[in-house]
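The values are calculated or read from the model by the stated rules, or taken from the named source; none is laboratory data. Treat the numbers as computed from the prediction; the structure is a model and nothing was measured. Here the Cβ positions follow ideal geometry from the backbone for every residue, glycine too, while neighbour counts run over all protein chains shown. Side chains included, ligands, DNA and RNA excluded: accessible areas come from the protein's heavy atoms. Shrake-Rupley method; radii C 1.70, N 1.55, O 1.52, S 1.80 Å.
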Amino acid sequence: MAFTGNYMTTSFKQQVLEGVHDFRLTGGDTFKLALYTNSATFTAATTAYTATNEVGDSGSYSAGGGTLTRIDPTTSGTTAFTDFADLSFTTATITARGALIYNTTPTHTYTNPAVAVLDFGSDKTSTAGTFTVQFPTADASNAIIRVA
């Protein structure tokens, strides 16, 4: 099994301290989400986007995935968090087991650095339809990226 849960990559955690990623809605970096088959191999040590075992082009999905719409970082209590709007690929025939969020415009010399690995728990499919990745509620308990 290629996916073993959802997690931020270790390199991303270091890069946050280096100031590599800018999640602000206005003026921030561009983040993408790529979809992968169950043959993909990701670990916390994953450092960058890869096309290996990415799902094939179909409908509005093409290699590299789709651009995410950021939600401005904010805080609640002692937790800082950010999230993304749901992302849909239309007229697509896709079978995906998980995804990789990565940054295509980092502030430093990294190339497409990995942010987070998402495990869908099982294969998810669409057949000539809409494949949607739903992100959790943008709050201190559920947002996809949280620093507590």
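What the table shows:
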| read-out | value |
| --- | --- |
| Karplus (6.51, -1.76, 1.60) ³J(HN,Hα), θ = phi - 60°, over the stretch 56-72, in Hz, Gly and Pro reported as x | x, 4, 6, x, 8, 8, 9, 3, x, x, x, 7, 8, 9, 6, 10, 3 |
| Descending Cα extents along the principal axes, the stretch 99-148, whole Å | 39, 28, 17 |
| Pairwise label distance in nanometres, Thr52 with Asn38, each label 7 Å out on the Cα-Cβ vector | 2.0 nm |
| Separation in nanometres of the label points that stand 7 Å from Cα toward Cβ, at Asp139 and Thr105 | 3.1 nm |
| Theoretical gain in end-to-end length, Asp86 to Thr30 [0.36 nm per residue, Cα-Cα removed] | 18.6 nm |
| Probe 1.4 Å - accessible area at Lys13, Å² to nearest ten | 110 Å² |
| Estimated translational D of the stretch 1-100 in µm²/s (Stokes, Kirkwood radius over Cα pairs; 25 °C; 0.890 mPa s) | 163 µm²/s |
| 5 angstrom amide H check on Ala116, placed H, neighbours 5+ away | Thr9, Ile101 |
| Hz values of 3J(HN,Hα) by residue in the stretch 134-144 - Karplus curve (6.51, -1.76, 1.60), Gly and Pro given as x | 9, 8, x, 4, 7, 9, 5, 9, 10, 3, 5 |
| Structure-based [θ]222 nm, the chain - -39500 (n - 2.57) summed over DSSP H runs of at least 4, per residue, nearest 500 | -1500 deg cm²/dmol |
| 3J(HN,Hα) from dihedral phi, the stretch 100-112, Karplus parametrisation 6.51/-1.76/1.60, rounded to Hz, x for glycine, proline | 10, 9, 9, 9, 8, 9, x, 6, 10, 7, 6, 10, 6 |
| The stretch 38-148 - Kirkwood radius from inverse mean 1/r over Cα pairs (Å) | 15.2 Å |
| Rounded to the nearest 10 Å², the accessible area of Thr111 at probe 1.4 Å | 100 Å² |
| Sequence-distant residues sharing a close amide H with Ile145 (under 5 Å, placed H) | Thr82 |
| Fraction of accessible area attributable to carbon and sulfur, the stretch 31-148 (%, probe 1.4 Å) | 48 percent |
| Accessible area expressed per residue, the chain, with surrounding protein chains retained (probe 1.4 Å, Å²) | 49 Å² |
